[in-house]
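The block underneath contains the structure these notes are about, expressed in C-alpha cells.
The values are calculated or read from the model by the stated rules, or taken from the named source; none is laboratory data. As the structure is a prediction and not an experimental result, all values here were calculated from the model. Cβ: placed from backbone, ideal geometry, glycine included. Neighbour counts: every protein chain shown.
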Amino acid sequence: MPDAQTPSPQNPPARLFALLPCAGTGSRAGTAGPKQYEPLLGVPLVLHTLAAFHAVARVEQVLVVVSPGDRFLSVDDPQTRLAHCGGATRAQSVFNGLQALLDRGASAQDWVLVHDAARCLVAPAQIDALIDACLDDAVGGLLALKLPDTLKAETGGRVSATVDRSDKWLAQTPQMFRIGALQAALAARAATGFDGITDEASAMELAGQAPRLVPGSAQNFKVTYPEDFALAEAILKARS
C-alpha cells in the first residue's frame, strides 16, 4: 500500500500556491496610500512582485489577500486570484488567506509560499531555489540572508555588547510550508492576537518545528521607507 505522501490517484502530488498579504497601509513609507500600490517605473509595486511568481511555472496560483474594501487591483489572469479577507495584522491576513485557499480547492498537504507584497525585487530563480530546497523537506523553510554587519546590543542609547553574528540570519520571504501545518500553527495563536508571530517561520517555530534556512539575496529587501523606492527603481532599471 502506498505511503500517505506517495502520489497516487487517491493521493495526488502536492501543488504549489503563493499567498501575498497585501492589506497593509505602509505607514513608514511616507506615501499617500498603501505602499504596495505606489508606482515603480510606472507600474504599481505589487505587479512587479506578481510578475516574479508568474515566471515560476511550478506555482499553480497566486492568491493576493487585500482589505475587504480595497478595489485598487483588478485581475484578469487565471493564475492570480484576489481574496478580500485581509485583517488588521499581517498574521491575520495570512491566516484568512490560507482558509480562502482551502475554500477554493487547495488541500492541507499542498504547499504555500507566503511572500511580502512589498518585496518586489524577488527573482524567479530565488523562488525556484526555495522550492527545490523545501519540496522534499518535512517542515519547509524560508529565504534568509546571513547577517553581514557587526551586531550591537543597546542599553540607554549606548552600545552594551557586540553580539556574535555567526549564527544570525535576516529572515526574508517567500516562506514555504504545508497549508495545513501553517494554518494549525497560526490557529494556536489566534486567541492571543497572534502574539509573538512576526512571520510564518516564527509560527512554525512556536509549534515546535525548525524551518530550513535557504540563502536569499540582499536585493530581496522589503520596500519600507521612502528612500527604498529609489533604490528599488534603480535595481529594476539595472535588470532591464
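The strands (runs of 3 or more DSSP E) found wholly in region 147-240 and carrying at least 2 residues that are touching a strand residue (DSSP E or B) at 6+ places or on another chain (Cβ under 6 Å) and surrounded by 14 or more Cβ atoms within 10 Å (Cβ to Cβ) occupy 169-178, 212-215.
Just to be sure, is Ala108 at pLDDT 90 or above, part of a loop (DSSP other than H, G, I, E, B) and not β-branched (Val, Ile, Thr)? So that I can check it myself, show each step before the final result.
Details: at pLDDT 90 or above: yes; part of a loop (DSSP other than H, G, I, E, B): yes; not β-branched (Val, Ile, Thr): yes.
So Ala108 passes the test.
Of all residues assigned to region 131-139, at least one qualifies as being touching a Lys or Arg at 6+ places or on another chain (Cβ under 7 Å), under 16 Å from Gln172 (Cα atoms), among the small types (Gly, Ala, Ser) and part of a helix (DSSP H, G or I). Out of Arg58, Arg81, Arg119, one residue alone is of a type in the set (Lys, Arg) and free of Cβ contacts under 8 Å to residues at least 40 places away in the same chain. It is Arg81. Hey, any hits in region 78-90 for a residue that's assigned to a loop (DSSP other than H, G, I, E, B), of a type outside the set (Ser, Thr, Tyr), buried (at least 20 other Cβ atoms within 10 Å of the Cβ) and in contact with a Ser or Thr (Cβ under 6 Å, 6 or more places away or on another chain)? Checking region 78-90: at least one residue is assigned to a loop (DSSP other than H, G, I, E, B), of a type outside the set (Ser, Thr, Tyr), buried (at least 20 other Cβ atoms within 10 Å of the Cβ) and in contact with a Ser or Thr (Cβ under 6 Å, 6 or more places away or on another chain). Figure legend. Inter-residue proximity from region 6-19: first residues farther than 20 Å from Leu182 by Cα and at pLDDT 75 or above, second residues of a type outside the set (Lys, Arg) and surrounded by 14 or more Cβ atoms within 10 Å (Cβ to Cβ), beta-carbon distance below 7 Å, spacing 6+ or different chains. No pairs are indicated. Would you mind stating whether Ala125 is without any contact (Cβ under 8 Å) to a residue 40 or more places away in the chain, part of a loop (DSSP other than H, G, I, E, B) and either aliphatic (A, V, I, L, M) or surrounded by 17 or more Cβ atoms within 10 Å (Cβ to Cβ) (or both)? Taking the combined requirement at face value, the residue does not satisfy it.
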